[in-house]
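Report on one structure; see the data block that follows.
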Amino acid sequence: MDPTCPSESIYNLIPSDWKEPPPPPRYTSVFKTAVKEDMKKVKTAMKTMGPPKVEVPCPKDFLKKHSKEKAAPPKKKFDWFGTRKPPVPLRTDHPVMGVQSGKNFINTNAADVIMGVAKKPKPIYVDKRTGDKHDLESSGLVPKYINKKDYGVTPEYICKRNEEVKNAQEEYDNYVQESLRKAAMKRLSDEEREGVLQGLKKNWEEVHKEFQSLSVFIDSLPKKMRKQRLEEEMKQLEHDIGVIEKHKIIYIANK
């Protein structure tokens, strides 16, 4: 007989209710306790469910009346150093009666009006057909600046500055002349400068004319050297002419 097979019985003919087998036990980590303790160390109050673990206030420290109000500063004696008004008259004091003035206010007012100067109307301008009025004085339409006494006159500070610049230039020119005189320098006059300039231009024309008369074919060493010498002379003359034309005042050393 097979032990796995149940024995034949009449009770086995009736099907029985199937029962679900119990689930296997749930897995529990061995580090669960250590993790809980670490989490309790890190967490602070009001970050978990439930009230925070704080110190409970004492019942004796309840809020009392006027405890939140600020204390007033101590009172100081007030002293008045200013002038005081005259005292109020007493009830027994009587006003002065019977004082009358002989001035005729009607005639006085009429004379003031007759002899007074009529008030000039304020100048205005209208810029729209609806009659919008604006002040004419501040509009810029009145030529009040060109009617000033000092209009078009050089300001005093500019005249003073120009005078200072002129004096400084004169002092500098005097200093340069004195330095050149001490260094035994001679200033070329306008006639001498013009004569030197014309002489340099004449020399340049002669050298240029000689340069133009060179042969077309430069096939020998003497011709090359002559052409090079003429080019250098023309270049030097052009440089000297440019220097003299650029500078109006020229000084030369006395030998």
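Which value in deg cm²/dmol, rounded to the nearest 500, describes the helix-derived mean residue ellipticity at 222 nm for the chain, given -39,500 (n - 2.57) per DSSP H run of n ≥ 4 and division by the residue count?
Working: 5 runs with 98 residues, N = 255.
Calculated mean residue ellipticity at 222 nm is -13000 deg cm²/dmol.
Apply the Karplus curve 6.51 cos²θ - 1.76 cosθ + 1.60, θ = phi - 60°, to the phi angles in the stretch 96-106 and return the couplings in whole Hz, x for Gly and Pro.
6, 10, x, 7, 10, 10, x, 7, 8, 5, 5
Over all directions, what mean area does the Cα convex hull of the stretch 186-252 project, stated in square nanometres?
One quarter of the hull surface, i.e. the mean projection, equals 4.9 nm².
Hey, what's the stretch 121-184 come to in accessible area per residue, 1.4 Å probe, Å²?
On the way: 6090 Å² over 64 residues.
Per residue, the stretch 121-184 has an accessible area of 95 Å².
Pairs to check: Lys119/Lys144; Lys40/Lys70; Lys182/Lys246; Lys202/Lys224; Lys41/Lys70; Lys166/Lys246. Give those whose C-alpha atoms are more than 32 Å from each other in this structure.
Lys40/Lys70; Lys41/Lys70
What list of ³J(HN,Hα) values in whole Hz, one per residue of the stretch 170-182 in order, does the Karplus curve 6.51 cos²θ - 1.76 cosθ + 1.60 (θ = phi - 60°) give from phi, with Gly and Pro shown as x?
Calculated HN-Hα couplings, in order: 5, 5, 5, 5, 5, 5, 5, 5, 5, 5, 5, 5, 5 Hz.
Could you compute the FRET efficiency for Gln228 and Lys186, with r as their C-beta to C-beta distance and R0 at 35 Å, rounded to 0.05? Intermediate results must be reported in sequence, preceding the final value.
Numbers: r = 35 Å, r/R0 = 1.01.
It comes out at approximately 0.50.
Please compute the length gained on full extension between Glu20 and Met39, using 0.36 nm multiplied by the number of residues separating them and subtracting their Cα-Cα distance.
3.0 nm
Sequence gap at least 6, Cα distance under 8 Å: using those rules, report the relative contact order of the stretch 186-252 to the nearest whole percent. Walk me through the numbers on the way to the answer.
On the way: 36 pairs, mean separation 39.8, N = 67.
Worked out over the stretch 186-252, it gives 59 percent.
Which of the aspartates and glutamates could a cross-linker bridge to Lys103, judged by Cα under 15 Å and excluding same-chain residues fewer than eight apart?
List returned: Asp112.
What nm value, rounded to one decimal, do you get for the distance between Lys201 and Glu238 when each label is placed 7 Å out toward the C-beta?
1.7
Mind computing the radius of gyration and Dmax over the alpha-carbon atoms of the chain? Å is fine for both.
60.6, 162
Could you identify which residue out of Pro123, Pro22, Pro57 has the top mean-square fluctuation in a GNM of the chain using Cα springs shorter than 10 Å?
Looking only at Pro123, Pro22, Pro57, the largest GNM fluctuation is found for Pro22.
Which three semi-axes in whole Å describe the equivalent ellipsoid of the stretch 121-184, each the square root of 5 times a Cα gyration tensor eigenvalue, listed largest first?
59, 10, 6
The values are calculated or read from the model by the stated rules, or taken from the named source; none is laboratory data. Note that the coordinates shown come from a computational prediction; the quantities given were computed from them, not determined experimentally. All Cβ positions, even for glycine, are placed from backbone atoms using ideal geometry, and neighbour counts span all protein chains on display. Areas reflect the complete protein model, heavy atoms only, side chains present, ligands, DNA and RNA absent. Shrake-Rupley method; radii C 1.70, N 1.55, O 1.52, S 1.80 Å.
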